[in-house]
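Below is one structure; the comments refer to it alone.
The values are calculated or read from the model by the stated rules, or taken from the named source; none is laboratory data. What you see is a predicted model, and the numbers here were worked out from it, not measured in a lab. Neighbour counts run over all protein chains shown; Cβ positions are idealised from the backbone, glycine included.
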Amino acid sequence: MLHERRYSCTPGQIKSSGKYPCDISSLGCEEKSKLLATIEQAAAFITTMIFQDGSSQLNSEQASTSSVKGVVVLVKNQTDQPCPPGHTSTGSTWNAANENDKLIYLKTEQSSLWEREQEQAHKKFSWQVLFQMLQCKVPIICFNAKDFLRTLLQIYGNEIGWKQVANSVVLDPRIAAWLINPSDTVPSFECLIQKYFEKPFSKGAENIDTGTLRNVSYQNLGVNLEKLYNVMMDLTHGLKAQGLWNLFCTLELPLIKILAVMETHKIYVNKQELKKTSEILGLRLKELEQQAHEAAGERFLLTSSCQLREVLFDKLKLHTLCEKLHRTEIQQLVSTSEVVLNKLQDLHPLPKIILEYRQVHKMKSTYVDGLRTCMKNGFISSTWNQTGTVTGRLSAKHPNIQGISKHPVTIAKKQYIKGKEEDIITISPRTLFVSKKGCTFLAADFSHIELRILADLSSEPELLKLFQEPEITDIFTTLASQWKGIPIEQVKHADREQAKRIVYSVVYGAGKERLADCLGITPVQASQFIESFMQKYKKVHEFTKKTIKQCRNKGYVVSIMGRKRPLANINAQDYKLRTQAERQAVNFVVQGSAADLCKMAMVKIFASVVISPTLTARLIAQIHDELLFEVEDSQIQEFSALVKRIMESLQQTTALEVPLKVPLKVILTTGKSWGCMTELQEM
DNA sequence: AGCTTAAGAATATGG
DNA sequence: TCCATATTCTTA
């Protein structure tokens with residue numbers, strides 16, 4: 001409350017820059033139209049959200065839990081050269097570097113009842129200002145711009161359509177910093193400033209009052225926004241110098257808007273089914289716990305790998321009956337992981353019970369109960385992180401929709417539900433996600449994307465041939481049939497998955513022990529396989545050697561769209577560190593390039609939908625190589641054709657040698673859930 | 001004694 | 001001594 005007055009400024013004061021932001025609600029009619037005119041001519045906007053607790057996007061470590069109170073905007077009227085560090089913004093108060101720059105405050109919080117009319121007017125004007133900012137194509141610079149855009153969409157959801165944010169140009173220095181080095185995370189604005197702006201400079205007085213005292217931070221907003229602007233300018237130069245500018249502008253910046261829009265979309269979850277499955281899984285867990293205790297001859301905590309280790313190896317001594325069991329990474333204890341338990345399952349009944357217990361427990365705690373904690377009013381909406389990976393991929397949390405189990409868990413025990421007796425119950429968490437009424441989910445995925453990219457980058461003729469033959473519909477199925485010597489029709493899903501794991505393991509440098517563990521074969525057989533693979537696909541091996549060599553020379557590797565990953569250990573003395581960096585280098589080029597393609601697809605599809613007057617399809621999730629949309633039933637044909645065309649045309653866009661294939665899948669049943677997708681026939 | 005925190009292990013996803 | 005994520009749980 002104390003601060004409210006500080007925002008005010010007397011009419012006419014708008015021009016002279018003050019210490020505090022000018023609250024636009026204090027402006028008269030004339031000043032308001034003046035302000036709108038100024039905004040129309042602005043060269044840049046630097047913005048931050050202000051939260052109820054007084055913090056802003058510039059001094060909160062993580063996304064603030066408190067709700068948004070308003071937005072402060074620094075309106076730049078001329079794009080001046082970035083000031084050298086230490087020159088500006090050393091004072092504790094803000095003095096405009098340029099006299100024409102303005103610092104304004106837009107209140108967005110909900111109006112109190114008694115001053116509703118006035119508040120409505122203010123809200124409307126705030127909206128007018130923000131709308132103009134979004135429409136005029138002048139860059140809006142914001143730390144965590146996605147959160148800013150999402151919040152605007154949420155607050156002005158009635159006045160603005162999601163397509164309208166598509167025209168805006170937002171810049172986020174955090175993403176710029178991440179492109180320059182994806183390995184070092186920038187957790188906060190202060191951190192960004194320290195890394196890219198105040199580098200060796202000024203460790204003095206002013207740092208004290210930026211984060212520690214929240215009340216003081218108000219008077220520093222102008223200073224900090226100025227800093228934000230300067231850091232963005234520095235980073236702009238950095239991006240251009242490193243050849244990352246195009247990637248930044250054409251891929252990562254448009255993605256900000258796409259993710260903001262995605263986060264405003266809610267996915268309906270079947271609450272009743274969720275509760276029911278939680279109970280079924282809970283019952284099964286109790287049974288398995290009982291069985292495990294009997295098999296072990298003592299009570300212990302099944303979820304504790306430590307206690308399980310004691311039972312299996314100290315008490316039962318099962319490790320003495322089996323050689324070369326995998327050990328834990330840090331403590332070098334005998335592992336209780338799936339591969340080890342698989343090896344032990346003929347020696348004792350306990351390992352099998354544990355394996356099933358863990359499967360069911362994962363299902364219950366993460367995908368069923370975990371999902372419930374993410375729900376708000378029967379809906380979920382993931383939070384997307386654009387800077388959370390080193391390879392350029394996206395990540396998602398709350399829930400991690402990218403990691404939700406694909407394969408069902410079957411419970412082979414009698415259960416009595418609603419008086420009905422069933423012997424086998426299958427639980428697949430994806431079916432808990434349901435599309436809106438009148439809509440269906442459409443999934444479009446790049447098939448074998450990384451292998452196709454590898455084929456292209458290595459120009460391996462054998463691999464290219466496989467992709468250019470139209471009769472081959474699925475590479476891994478083909479490879480599995482070749483490897484096992486069985487006809488394609490008899491290849492099962494598990495066989496295909498195995499073939500896939502073999503190929504990627506070998507390509508990315510798996511050792512014989514690891515591969516043997518993975519496949520349940522002996523290390524000798526595994527090394528024979530690696531050998532024959534290298535023999536058949538010689539150019540793949542050449543590609544990895546070439547990539548490592550380049551990395552040694554330059555200190556970094558580059559994806560097809562110029563994404564970089566510096567690898568400090570590529571020339572390390574330590575064998576372990578060096579070879580790890582080598583594998584990371586090879587993996588990055590392929591995985592990073594696949595990420596580029598998938599992001600490009602998102603950007604192009606979004607742009608097409610935005611310019612279409614009729615299409616309303618919404619992106620629900622990106623699962624790395626797969627885009628999941630919610631589409632109005634009447635638009636499925638039109639939209640799916642569009643998606644397929646755009647995604648497959650990326651071959652030309654990116655000048656790939658190898659063709660891209662994008663099978664489309666839609667829900668078969670009108671029941672409309674995720675999972676149980678079936679391939680959409682060509683038209 | 002009960003509390004929070006961080007690391008480690010295991011397992012799900014994707015290639 | 002394949003890569004890179006998130007989540008959950010236990011343990012210190």
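Here are the numbers for this structure:
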| item | result |
| --- | --- |
| Options A:V610, A:V506, A:V603; residue that is modelled with pLDDT under 95 and either buried (at least 21 other Cβ atoms within 10 Å of the Cβ) or not small (G, A, S) (or both) | A:V506 |
| Residue check, A:Q525 over 29 Å from the mean Cα position of the chain (by Cα), away from DNA strand C (no atom under 16 Å from the Cβ), modelled with pLDDT of 85 or more and closer than 30 Å to A:L341 by Cβ | no |
| First in the stretch A:324-351 and within 17 Å of A:C306 (Cβ to Cβ) and basic (K, R), second anywhere and near DNA strand B (Cβ under 6 Å from one of its atoms) and not in a helix (DSSP H, G or I), Cβ under 6 Å, 6 or more apart | A:R327/A:S335 |
| Residues of the stretch A:465-513 satisfying the condition of being away from DNA strand C (no atom under 16 Å from the Cβ), charged (D, E, K, R) and part of a helix (DSSP H, G or I) | A:K465, A:K484, A:E489, A:D495 |
| Residue match in the stretch A:169-184 (condition: among the charged types (D, E, K, R) and crowded, with 17+ Cβ neighbours inside 10 Å) | yes |
| So A:E462, is it over 28 Å from A:Q622 (Cβ atoms), in contact with a Phe, Trp or Tyr (Cβ under 9 Å, 6 or more places away or on another chain) and away from DNA strand C (no atom under 16 Å from the Cβ) | yes |
| Filter pass, A:R284 being among the basic types (K, R), touching a Ser or Thr at 6+ places or on another chain (Cβ under 6 Å) and assigned to a helix (DSSP H, G or I) | no |
| Leading residue by the ranking (nearest to the chain's Cα centre (by Cα)) among those in the stretch A:292-304 that are of a type outside the set (S, T, N, Q) and not in a helix (DSSP H, G or I) | A:L302 |
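Yes or no, residue by residue, for (1) in contact (Cβ under 8 Å) with a residue 24 or more places away in the chain; (2) of a type in the set (A, V, I, L, M, F, W, C); (3) more than 16 Å from DNA strand B (Cβ to nearest atom):
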| position | (1), (2), (3) |
| --- | --- |
| A:S559 | yes, no, no |
| A:G562 | yes, no, yes |
| A:N569 | no, no, yes |
| A:R578 | no, no, yes |
| A:R583 | yes, no, no |
| A:N587 | yes, no, no |
| A:M602 | yes, yes, no |
| A:F606 | yes, yes, yes |
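Each row is one residue, and each column tells you yes or no for (1) away from DNA strand B (no atom under 16 Å from the Cβ); (2) surrounded by 15 or more Cβ atoms within 10 Å (Cβ to Cβ); (3) in a helix (DSSP H, G or I); (4) not small (G, A, S).
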residue: A:L274; (1), (2), (3), (4): yes, yes, yes, yes
residue: A:Q290; (1), (2), (3), (4): yes, no, yes, yes
residue: A:K324; (1), (2), (3), (4): no, no, no, yes
residue: A:T336; (1), (2), (3), (4): no, yes, no, yes
residue: A:L371; (1), (2), (3), (4): no, yes, yes, yes
residue: A:W384; (1), (2), (3), (4): no, yes, no, yes
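Residues are listed down the side, and each one gets a yes or a no for (1) assigned to a helix (DSSP H, G or I); (2) in contact with a helix residue (DSSP H, G or I) (Cβ under 9 Å, 6 or more places away or on another chain); (3) within 16 Å of DNA strand B (Cβ to nearest atom):
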{"residue": "A:A121", "(1), (2), (3)": "yes, yes, no"}
{"residue": "A:N158", "(1), (2), (3)": "no, no, no"}
{"residue": "A:R174", "(1), (2), (3)": "yes, yes, no"}
{"residue": "A:L179", "(1), (2), (3)": "yes, yes, no"}
{"residue": "A:D184", "(1), (2), (3)": "no, yes, no"}
